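Written below as structure tokens is the structure these notes are about.
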Amino acid sequence: MSVDEGLLREIDGYIESLFGEQDEALRAALEESRRAGLPEIQVSANQGKLLHILAAASGARRVLEIGTLGGYSTIWLARALPRDGVLISLELREHHAGVARRNIERAGLSGRVEVRVGDARERLAELAGQGGVFDLIFIDADKTGYPEYLEWSLRLSRPGTLILADNVIRGGAVLDAEDEVSRAVRRFNRVLAEDPRLSAVILPILRERVDGLAIARVRGMPQS
Ligand code: SAH
Ligand code: DHB
Ligand code: MG
């Protein structure tokens, strides 16, 4: 099995040149993240645009992100919020959170975004304890945590909530690889497919390699 990765990058670049318009704040977020030594593993511009459209189309007012890094995806998502909307983003590393807060401030989004530091499991338990409910949840932290993050996400959802997850294909590794990360993501994808509370699909995403974005909707009464 082989794909022409050069062609994939060209196609992604073509789409980005048409639709992935990045303004100064987004470019600065990438530049400052690189300068601060963060790994360059944020979503692509096209994927950021897709996250933005999904958040806007669902009318999300309360968004939860698991895995902030330098706040690049955070900015795309937060820009879809109404003025009184809220985005809470969870990040393990203080250093990443600091870079993200500066990037979010520069983008003029500090009023709508809160970055909370610590292991997402602990922060998620707190949110659930407070009865938090979100309209859209974007899972993008450590991949071995995905099955657990999905359980918390369901507790923090209402009928109609969108649960999104990055990196669910991993260059095809999830098809059959037996490393810990691939197993965890495969388990996550299977739960998405089989849990009767969810209606889900995976959209292939072109990056340096083929990856995927999971899109799941929490089913509601009376519509499915
Ligand atoms: N969503 C970002 C990319 C996130 S990269 C974007 O697209 O712009 C994954 C992030 O998850 C990293 O910053 C990493 O530090 C964080 N992370 C890893 N394990 C975590 C955990 N247990 N809890 C919270 N964050 C975690
Ligand atoms: C990694 C994490 C991500 O969220 C991503 O989109 C790409 C790579 C990583 O941990 O390597
Ligand atoms: Mg990711």
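The values are calculated or read from the model by the stated rules, or taken from the named source; none is laboratory data. Because the structure is a prediction, the values reported are computed rather than measured. All Cβ positions, glycine included, derive from the backbone under ideal geometry; neighbour counts span all protein chains shown.
Quick rundown of the values:
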{"quantity": "Qualifying residue in region 73-84 (condition: touching a Gly at 6+ places or on another chain (Cβ under 7 Å) and either buried (at least 22 other Cβ atoms within 10 Å of the Cβ) or at pLDDT below 95 (or both))", "calculated": "yes"}
{"quantity": "Residue list for region 23-44, filter: touching a residue at least 40 places away in the same chain (Cβ under 8 Å) and within 12 Å of ligand 1 (Cβ to nearest atom)", "calculated": "26, 29, 30, 33, 36, 38, 43, 44"}
{"quantity": "Residues of region 103-121 that turn out to be part of a helix (DSSP H, G or I) and closer than 11 Å to residue 91 by Cα, as a count", "calculated": "2"}
{"quantity": "Where residue 12 falls short, out of the listed (1) part of a helix (DSSP H, G or I); (2) modelled with pLDDT under 95; (3) over 19 Å from the mean Cα position of the chain (by Cα)", "calculated": "(3)"}
{"quantity": "Leading residue by the ranking (surrounded by the most Cβ atoms within 10 Å (Cβ to Cβ)) among those in region 118-149 that are under 25 Å from residue 190 (Cβ atoms) and of a type in the set (Val, Ile, Thr)", "calculated": "137"}
{"quantity": "Any chance residue 167 is within 16 Å of the chain's Cα centre (by Cα), at positive phi and modelled with pLDDT of 95 or more", "calculated": "yes"}
{"quantity": "Counted residues, region 135-153 - those being within 16 Å of residue 90 (Cβ to Cβ) and part of a helix (DSSP H, G or I)", "calculated": "10"}
{"quantity": "Test: residue 156 is surrounded by 15 or more Cβ atoms within 10 Å (Cβ to Cβ) and either under 14 Å from the mean Cα position of the chain (by Cα) or within 19 Å of residue 214 (Cα to Cα) (or both)", "calculated": "yes"}
{"quantity": "Flag if residue 127 is at pLDDT 95 or above, within 17 Å of the chain's Cα centre (by Cα), hydrophobic (A, V, I, L, M, F, W, C) and more than 30 Å from residue 4 (Cα to Cα)", "calculated": "no"}
{"quantity": "Residues within region 174-214 that are within 16 Å of ligand 2 (Cβ to nearest atom) and either assigned to a helix (DSSP H, G or I) or under 19 Å from the mean Cα position of the chain (by Cα) (or both), tallied", "calculated": "22"}
{"quantity": "Selection count, region 166-202, where residues are within 24 Å of residue 74 (Cα to Cα) and touching a residue at least 60 places away in the same chain (Cβ under 8 Å)", "calculated": "1"}
{"quantity": "Residues satisfying the stated conditions in region 23-55, i.e. aliphatic (A, V, I, L, M), assigned to a loop (DSSP other than H, G, I, E, B) and within 10 Å of the chain's Cα centre (by Cα)", "calculated": "43"}
{"quantity": "Residue tally, condition part of a helix (DSSP H, G or I) and under 27 Å from residue 95 (Cα atoms), over region 56-83", "calculated": "7"}
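Results for (1) within 16 Å of ligand 3 (Cβ to nearest atom); (2) touching a strand residue (DSSP E or B) at 6+ places or on another chain (Cβ under 9 Å); (3) free of Cβ contacts under 8 Å to residues at least 60 places away in the same chain, shown as yes or no for each residue.
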residue: 60; (1), (2), (3): no, yes, no
residue: 68; (1), (2), (3): yes, yes, yes
residue: 86; (1), (2), (3): no, yes, yes
residue: 92; (1), (2), (3): yes, yes, yes
residue: 101; (1), (2), (3): no, yes, yes
residue: 116; (1), (2), (3): no, yes, yes
residue: 133; (1), (2), (3): no, yes, no
residue: 137; (1), (2), (3): yes, yes, no
